[in-house]
1. In whole Hz, what ³J(HN,Hα) sequence does segment 136-141 give by Karplus (6.51, -1.76, 1.60; θ = phi - 60°), x for Gly and Pro?
2. With viscosity set to 1.002 mPa s and temperature to 20 °C, compute the Stokes-Einstein D of segment 25-93, Rh being the Kirkwood radius across alpha carbon pairs; µm²/s, no decimals.
3. Measure off 7 Å from each Cα along the Cα-to-Cβ vector at SER148 and ILE7, then give the distance between these two points in nanometres to one decimal.
4. Can you sort CYS12, CYS202 so the residue with the fewest Cβ neighbours within 10 Å comes first?
5. Counting other C-beta atoms within 10 Å, and keeping those with at most 10, which DSSP coil chymotrypsin sites (Phe, Trp or Tyr not before Pro) do you find in segment 25-86?
6. Once amide H atoms are built 1.01 Å from N in the peptide plane, which residues 5 or more positions from ILE7, or in another chain, come under 5 Å H to H?
7. Going down the list LYS89/LYS164; LYS144/LYS195; LYS144/LYS169; LYS42/LYS89, which pairs span over 25 Å between their C-alpha atoms?
8. Give a residue-ordered list of calculated ³J(HN,Hα) values for segment 153-168 (Karplus: 6.51 cos²θ - 1.76 cosθ + 1.60, θ = phi - 60°; whole Hz; x for Gly, Pro).
Amino acid sequence: AMNVLMIVMAACGEDHVEPPFIGSVANRVLRQSASHVLLVRKTENMEHYREILIPTDGSDDAMYAANAGMSLAKRYDAGVCACTIVDSKDKIIERHVTTLKEVERGMVLGDTLIYPEAIVKRMRKRLFDEASKIAEEVREIAAKNGVSAEILVRDGKAAPEILKIVKEKNVDLVVLGSHGRGTLSRTMAGPVSEKVASMVECSVLVVRSSRAEETLPE
């Protein structure tokens, strides 16, 4: 079998008439391929990228994507926006059910306790501090490549927020890792990368850190 480093294909084939949604063949390739995948959509700047978006969550694939994206930005003299999305509603627990230890202190087992506002604020600050550290790592990657990058930290669901930024910044290319934190399978694209690739209106490059030892084509 051929050891293919990158697959370049149209995001939508003739069987699909509702762009930006992804075609059935492209979807299968994205899900099952071990190679980097570039899904091309016809846009005004498809031959010369002017604005590249690099979403990152600090995972190996995301940081490899950041390096790949900065390299492309340098080659095309493109602007770069790197974003870290924090889903505070999903990550911050504002209440919990009493435990046996709390029952020993006179509480009723099964009662719902709401954390004080000060504790919730501390949890939120810790979460965004972590996101800011990830963003700074991306800024360092940009500096090493001689690229100036705008860094965004947003609160919300990852895929919808990425789609919003694409429209706000008139992005021509999204470069993201195939797997974020918590994605178990290394042969299938993670839910965020798959959702973004399926719904975004520009081209998407999905990279895999498992191929990091090989030079990404430019």
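1. My calculation for segment 136-141 gives 5, 4, 5, 4, 5, 4 Hz in order.
2. Estimated via Stokes-Einstein, D reaches 151 µm²/s.
3. Going from the SER148 label point to the ILE7 one covers 3.9 nm.
4. With the fewest neighbours first, CYS12, CYS202 line up as CYS12, CYS202.
5. Here no loop site has a sparse enough neighbourhood.
6. Residues meeting the amide H criterion: HIS36, VAL37, LEU38.
7. Over 25 Å apart, Cα to Cα: LYS144/LYS195; LYS42/LYS89.
8. Here the 3J(HN,Hα) series is 10, 10, 10, x, 6, 4, 4, x, 5, 4, 4, 4, 5, 4, 6, 4 Hz.
Values in this text are rule-based calculations from the coordinates and carry no lab data. Computed from a predicted model, the values in this text were never measured in an experiment. Note: ideal-geometry Cβ built from the backbone for every residue, glycine included; neighbour counts use all protein chains shown.
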